[in-house]
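Every read-out reported here was derived from the displayed coordinates using simple, explicitly stated rules and does not represent laboratory data. Predicted, not measured: the structure shown is a model, and the values here were computed from it. Positions of Cβ are generated from backbone atoms using ideal geometry, with glycine treated the same way; all protein chains shown enter the neighbour counts.
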Amino acid sequence: MTEIAPKALSESQGAATDNLTDHLQWDALVDATRKLSGAQLLIELLERQRITCIAGVPGGANLPMYDALSHSSIQHILARHEQGAGFIAQGMARLTGQAQVCFASSGPGATNLLTAVADAHLDSIPIIAITGQVSQAMIGTDAFQEIDTFGLMLPISKHNYLVRSAEELLEVIPAAFELALSGRPGPVSIDIPKDVQNEIITVGELPAPGTRAADPAVSAEEVHTLLEQVSTAHKPVFMIGGGIVYAGATDQLRQFAEKLDVPCVQTFMGLGVLPSDHPLSLGMLGMHGAPFTNLVLEECDLLVGLGVRFDDRATGKVSAFCPNAEFIHVDIDNSEIGKVLTPAQSIVADVGSVLQLGNELLEVQQNTQWRQRVTQLKHDHPLELDGKDELFRPYGAIARVAEILDDSANITTDVGQHQMWVAQAYPFKRPRQWISSGGLGTMGFGLPAAIGMALAAPERKTICFSGDGSLMMNIQELATAAEKNLDIKVIVLNNRHLGLVRQQQTLFYGKNLHAVKLEQHTDFPAVARAMGMNGIDLSECENPEQALHQALSEHGPCLINIPVSETEMVFPMVAPGGANKDMIMAEASAGATK
Amino acid sequence: MSIANTAILKLTVRNHPGVMSHVCGLFARRAYNLEGIMVRPVCDNRKFSRMWLLVNEEDRLQQLIRQTEKLVDVISVEEHAMEGSAFESTQKYFV
């Protein structure tokens, strides 16, 4: 629709002459000013942000947005629950590093989105949650499906807006994308009242899309100091985290670690930065880290945190974390410096820029003695993957899946024992191959996140390891996956229990097992089939190995149920609040588990 | 009230509905002790507000300031002496 506002018309007419140049300018003005509704403007601004896919659920307060969206080239994924929509957007964002959008209506639509937004906040994921709101005249009257979305989103988002006029969208939408992507990424919530969506305004040239703002400059002096510390340390270790994934700095990190010959522990969010079989990789540290990993940290004399936030699941009891080490902290978020522990040196900058400069300035070194000691610890205190050769045991099932797939498959999980088993045992080879809910630990994350991953990378297989507890928390999205015929395999390590809670009750509450048994043994393959996708139970297959191979190889969504014993545990385990050196091992607790 | 362990922060923030929620919400969710707050739009530029905070967080003051600076609506944070602050001449209203 090309209309032109009367005021603009009269002004330009007054200026018009027979001069050709002026005619051209006048034509440009006619083209440039149009009347749009707030909703149409919103969709255009999202198109300009190169959004190609939005997950959401429509409702009364966002109907104008959906009306406008129907005329757009943007694909819409109709989630079965707003939390699913939020995690679908997250899956796309975690895989691409680009900001992604989800839609929900007011009231329950908005409250259903909260968990996915909070999850994105804790894992620094750039999503834009756009909600409808009741009309401004109704705000504050307890109107139907009215809720204080601004107030609810405030503590769980990087920033949030309540848009008060259609014109504000011109500023808010690009600003939201810039915020979501800049510095430490994070979710932004935009609440748009229905009258703002319906308001007709005249727009001229649209603003430039919001992009990541320039990162702070890195000082060579600071990097020199860092390098000096690393070269004078006798037992240096790098702790590498999600910041390296988000900075796209995997190659720089590998080069940096190799040239300085420094072993690296990976946080849960940093898995995949170093291939698990890389000689400098020490795997994951912390609560379920390998024994040698935590023991290396006991001995190290310098720990350089690169794009990490020293989460308590990684550090254990902070006062006992790396007791012999000085800390250096490199992170782009100034407020992370000194939050958990006090570093001797800190650099507030994009970790990729620091590593790049570091690689230019460093002198190649070798830490022969220290590396020998690390190798010794690795040898003496390995990660025992009990049952790794048996298909119907957790490590065995994970190993079998990894053997069948090649490195191109992307992996996500839900939250619980299966998540930790996968984090410990899956041979991750590249960043963004591994996507999981780290900070919030949201059961129900995996399936919708897998849908988002499959939408963003349809050429790859997407594997969602889940448990029978977690899967149930967003199981409705099986229908979404089936509808889109995505190449997703949901692997349920089914122990008929809330396994990680059962484990904690076993270890820390005197085996007083309560409220952890899922007595109604849901037939998950049947549920999958009822929702339109394939479903198999390996325990009912004549040749389970072959059935697994076939299910993974075929294109299309499939649920694969693998029964495992409820007595399986994740070991080692550090008690919550305990020191990382005090790991509970499988043998020590063998009596407790039977 | 003893002000022995308190610090005074002078903030410049964007003046819009919700900015108070952002600042107060941060203090509440990170469990920082906020003893006093005074805020008004800046006289010669209503796009901004001046916010005075009286905080009781000796050990975590640096961390508190960094977290406050991170808020998108906060333009600047300065530590300020009691002398010349909004709290100095208004003590009599809080007896």
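At each listed q (0.05, 0.08 Å⁻¹), what is the log10 of I(q)/I(0) that the Debye formula gives for the protein assembly as shown modelled as equal alpha-carbon point scatterers?
-0.27, -0.69
At a Förster distance of 30 Å, what's the computed FRET efficiency of A:V318 paired with A:H379, Cβ-Cβ distance as r, to 0.05? Don't skip to the answer; put the middle values down first.
On the way: r = 29 Å, r/R0 = 0.97.
After rounding, the FRET efficiency stands at 0.55.
log₁₀ I(q)/I(0) of the stretch A:472-594 at q = 0.14, 0.17, 0.20 Å⁻¹, via Debye over equal Cα point scatterers, no solvent, to two decimals?
Values, matching the q order: -0.74, -0.92, -1.05.
How many angstrom lie between the C-alpha centres of the stretch A:442-470 and the stretch A:246-280?
25 Å
Whole-Å semi-axes of the stretch A:103-221's equivalent ellipsoid, largest first, each the root of 5 times a Cα gyration tensor eigenvalue?
Values: eigenvalues 154, 77, 17 Å².
For the stretch A:103-221, the semi-axes come out at 28, 20, 9 Å.
I need A:R502, B:R30 ordered by Cβ neighbour count within 10 Å, fewest first.
Numbers: A:R502 24, B:R30 16.
By the 10 Å Cβ count, ascending, the order reads B:R30, A:R502.
Percent relative contact order of chain A, based on C-alpha pairs within less than 8 angstrom and at least six residues apart?
Numbers: 1295 pairs, mean separation 74.0, N = 594.
Reported relative contact order: 12 percent.
Would you kindly derive the ³J(HN,Hα) couplings of the stretch A:518-525 from the backbone phi angles with the Karplus curve 6.51 cos²θ - 1.76 cosθ + 1.60 (θ = phi - 60°), listing them in order in whole Hz, with x for Gly and Pro?
Result, ordered by residue: 9, 6, 7, 6, 4, 8, 4, x Hz.
Per the Kirkwood definition applied to all pairs of different Cα atoms, how many angstroms is the hydrodynamic radius of the stretch A:269-324? Could you put the intermediate results ahead of the total?
Working: mean 1/r = 0.0840 Å⁻¹.
Its Kirkwood hydrodynamic radius stands at 11.9 Å.
Treating the beta-carbon of each Lys and Arg as +1 and of each Asp and Glu as -1, no other charges, what is the dipole magnitude of the stretch A:81-225 about its Cα centre, to the nearest 20 debye?
In debye, rounded to 20, the stretch A:81-225 gives about 320.
Please list 3J(HN,Hα) in residue order for the stretch A:79-94, calculated via the Karplus relation 6.51 cos²θ - 1.76 cosθ + 1.60 where θ = phi - 60°; whole Hz, with x for glycine and proline.
Result, rounded to whole Hz: 6, 8, 7, 4, 4, x, 4, x, 6, 5, 4, 4, x, 5, 5, 5.
Just to check I understand the Karplus step: with θ = phi - 60° and J = 6.51 cos²θ - 1.76 cosθ + 1.60, what whole-Hz values come out for the stretch A:337-342, glycine and proline as x?
6, x, 6, 9, 9, 9
In nm, to one decimal, how far is the modelled label at A:T567 from the one at B:M82, with both set 7 Å along Cα→Cβ?
In this crude spin-label approximation the distance works out to 6.8 nm.
Under a cut-off of 18 Å between alpha-carbon atoms, report the lysines in cross-link reach of A:K429, not counting same-chain residues fewer than 8 places apart.
Here the lysines satisfying the reach criterion relative to A:K429 are A:K461.
What translational diffusion coefficient, in µm²/s and rounded to a whole number, does the Stokes-Einstein relation yield for the stretch A:449-494 at 25 °C and a viscosity of 0.890 mPa s, taking the hydrodynamic radius as the Kirkwood radius over Cα pairs? Please list the in-between numbers first.
Numbers: Rh = 10.8 Å.
Value of D from the Cα-based Kirkwood radius: 228 µm²/s.
Taking a cut-off of 16 Å between Cα atoms, list the aspartates and glutamates near B:K92, but don't count ones fewer than 8 places away on the same chain.
Once the sequence-local aspartates and glutamates are set aside, what remains near B:K92 is B:E35, B:E83.
Angle check, please: helix A:220-232 long axis (alpha carbons) against the longest principal axis of chain A (alpha carbons), in degrees 0 to 90, nearest 10.
Once rounded, the angle reads 10 degrees.
Using the Cα centre as the reference, give the magnitude of the dipole from point charges on the C-beta atoms of the stretch A:226-332 (Lys, Arg: +1; Asp, Glu: -1; all else neutral), rounded to the nearest 20 debye. Mind dumping the intermediate values first?
Numbers: 6 positive and 12 negative charges, 40 e Å.
Using only the charged Cβ atoms, the result is roughly 200 debye.
Structure shown: which of B:K10/B:K47; A:K339/B:K47; A:K194/A:K484 lie over 24 Å apart, alpha-carbon to alpha-carbon? Provide the component values of the computation, followed by the final result.
Working: B:K10/B:K47 17 Å; A:K339/B:K47 32 Å; A:K194/A:K484 30 Å.
Result: A:K339/B:K47; A:K194/A:K484 exceed 24 Å.
Over all residues in B:28-36, what is the mean tally of Cβ atoms on other chains that come within 10 Å of each residue's Cβ? Walk me through the numbers on the way to the answer.
Details: counts 1, 3, 3, 0, 0, 0, 0, 0, 0.
Taking the mean over all residues of the peptide, I get 1.
Checking the cross-link filter: which lysines have an alpha carbon closer than 30 Å to that of A:K517, excluding same-chain neighbours under 8 positions apart?
Leaving aside lysines fewer than 8 places away in the same chain, those within reach of A:K517 are A:K388, A:K489, A:K594.
For A:D389 and A:A547 in one chain, what is 0.36 nm times their gap in residues minus the Cα-Cα distance, to one decimal in nm? Write out the running numbers ahead of the final one.
Details: separation 158, 0.36 × 158 = 56.88 nm, distance 1.70 nm.
Working it through step by step, the gained length comes to 55.2 nm.
What size of dipole, in debye to the nearest 20, comes out for the stretch A:263-316 about its Cα centre when the only charges are +1 on Lys and Arg C-beta atoms and -1 on Asp and Glu C-beta atoms? Display every interim value, and only then the final one.
Details: 2 positive and 6 negative charges, 38 e Å.
It comes to approximately 180 debye.
Set the Förster radius R0 to 35 Å, insert the Cβ-Cβ distance between A:S135 and B:Y93 as r into 1/(1 + (r/R0)^6), and round the FRET efficiency to 0.05. Spell out each step's value before the answer.
On the way: r = 40 Å, r/R0 = 1.13.
Between A:S135 and B:Y93 the formula returns 0.30.
Give the long-range amide H neighbours of A:V564: residues separated by 5 or more places, or on another chain, with amide H under 5 Å away, using H modelled in the peptide plane at 1.01 Å from N.
Placed amide hydrogens put A:N494, A:N495 under 5 Å from A:V564.
Could you work out the relative contact order of the stretch A:270-379, using alpha carbon pairs under 8 angstrom and six or more residues apart, expressed as a whole percent?
Values: 124 pairs, mean separation 23.3, N = 110.
With pairs under 8 Å counted, the relative contact order is 21 percent.
From zero outward in steps of 10 Å, how is the percent of C-alpha pairs of chain B spread across the bins?
16, 52, 29, 3
Toward the positive end of the charge dipole of the protein assembly as shown, about the Cα centre and with charges on Cβ (Lys, Arg +1; Asp, Glu -1), which of A:A143, A:Q520, A:A118 goes farthest?
A:Q520
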